[in-house]
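The values are calculated or read from the model by the stated rules, or taken from the named source; none is laboratory data. Just so it is clear, the structure is predicted and the values come from calculations on it, not from any experiment. Positions of Cβ are backbone-derived with ideal geometry, glycine not excepted, and every protein chain shown enters the neighbour counts. Areas reflect the complete protein model, heavy atoms only, side chains present, ligands, DNA and RNA absent. Shrake-Rupley method; radii C 1.70, N 1.55, O 1.52, S 1.80 Å.
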Amino acid sequence: MGFIELLLESTVVQNIGTFAIASGLFVWLFKTIYKQTLDKEMQVFMHKLKLEEAQHSKLYDKRGQVIEELYKRLDTLYTELDLLVKPIRMKKLSRKDSLNRVHKAGERFEEYFHQHKIYFSKDVSKLLEEIHKKLLLAMLDYDAYPQNDERDESREQRKTRREGWLRAWSAMKATIPPIKEKLEDEFRAILGTK
């Protein structure tokens with residue numbers, strides 16, 4: 001083996017060594033840059049995810065507040081109507097005052113519901129509309145038999161009026177609680193408390 005062959009062999013080994021070192025540096029550099037890029041993308045993704053989570057949490061909280069307020073208004077309407085139509089009156093409100101309270105509670109419920117309807121599914125909205133309709137029908141049934149001065153009524157008129165009031169109260173007690181129970185179940189499902 002001559003000097004030239006040795007020189008060529010040494011140059012080839014040197015080139016291979018240089019290539020291996022350069023390749024290693026290139027791979028290391030590529031991995032480092034790729035990892036940094038991936039880390040930055042992951043940070044951006046995590047930031048966006050946290051923002052969406054915060055938005056979702058705020059929406060969930062708002063929805064809970066809307067459900068709470070709407071349910072309070074529904075319960076107030078139901079209670080006021082029950083006090084108006086039940087056969088034995090415990091409160092010493094005049095019929096007119098009691099009727100005004102029912103109207104006011106009904107308006108407050110209806111207004112709030114329509115302003116916040118977007119927070120509810122179509123099924124829940126239908127339940128709310130159904131219960132509102134049933135409450136109104138009970139009130140209209142009751143109101144169809146106005147209270148007159150009993151001295152101006154015949155016995156038959158008083159009997160008819162009382163029977164009408166009793167039918168309104170009975171219909172309200174028979175139809176509204178099952179709908180209200182379904183609605184409560186839906187609200188619990190929405191809030192995750194089922």
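Residues in region 169-194 that are exposed (fewer than 12 other Cβ atoms within 10 Å of the Cβ) and among the hydroxyl-bearing types (S, T, Y): T193 only.
G64 fails exactly one of the following numbered conditions: (1) small (G, A, S); (2) within 15 Å of the chain's Cα centre (by Cα); (3) more than 30 Å from H132 (Cα to Cα). What is the number of that condition? Going through (1) small (G, A, S); (2) within 15 Å of the chain's Cα centre (by Cα); (3) more than 30 Å from H132 (Cα to Cα) one by one, G64 breaks only (3).
Tell me the residue from R89, R73 that is among the basic types (K, R) and either within 13 Å of the chain's Cα centre (by Cα) or modelled with pLDDT under 85 (or both), please. Walk me through it before giving the result.
Values: R73 fails: either within 13 Å of the chain's Cα centre (by Cα) or modelled with pLDDT under 85 (or both).
Answer to the check: R89.
For beta carbons closer than 8 Å, sequence separation of 6+ or different chains, a first residue in region 96-124 that is within 14 Å of D75 (Cβ to Cβ) and a second that is basic (K, R) and surrounded by 18 or more Cβ atoms within 10 Å (Cβ to Cβ), the qualifying pairs are A105/R73; R108/R73; F109/R73; Y112/R73; F113/R73.
Restricting attention to region 72-97, the residues that are part of a helix (DSSP H, G or I) and exposed (fewer than 15 other Cβ atoms within 10 Å of the Cβ) add up to 6.
Which one is surrounded by the fewest Cβ atoms within 10 Å (Cβ to Cβ), of the residues in region 127-137 that are more than 14 Å from the chain's Cα centre (by Cα) and under 18 Å from A189 (Cβ atoms)? If we take residues in region 127-137 being more than 14 Å from the chain's Cα centre (by Cα) and under 18 Å from A189 (Cβ atoms), then E130 is surrounded by the fewest Cβ atoms within 10 Å (Cβ to Cβ). Residue-level analysis places F113 outside the set of residues that are of a type in the set (F, W, Y) and either open to solvent by 100 Å² or more (accessible area, probe 1.4 Å) or in contact with a Cys (Cβ under 9 Å, 6 or more places away or on another chain) (or both).
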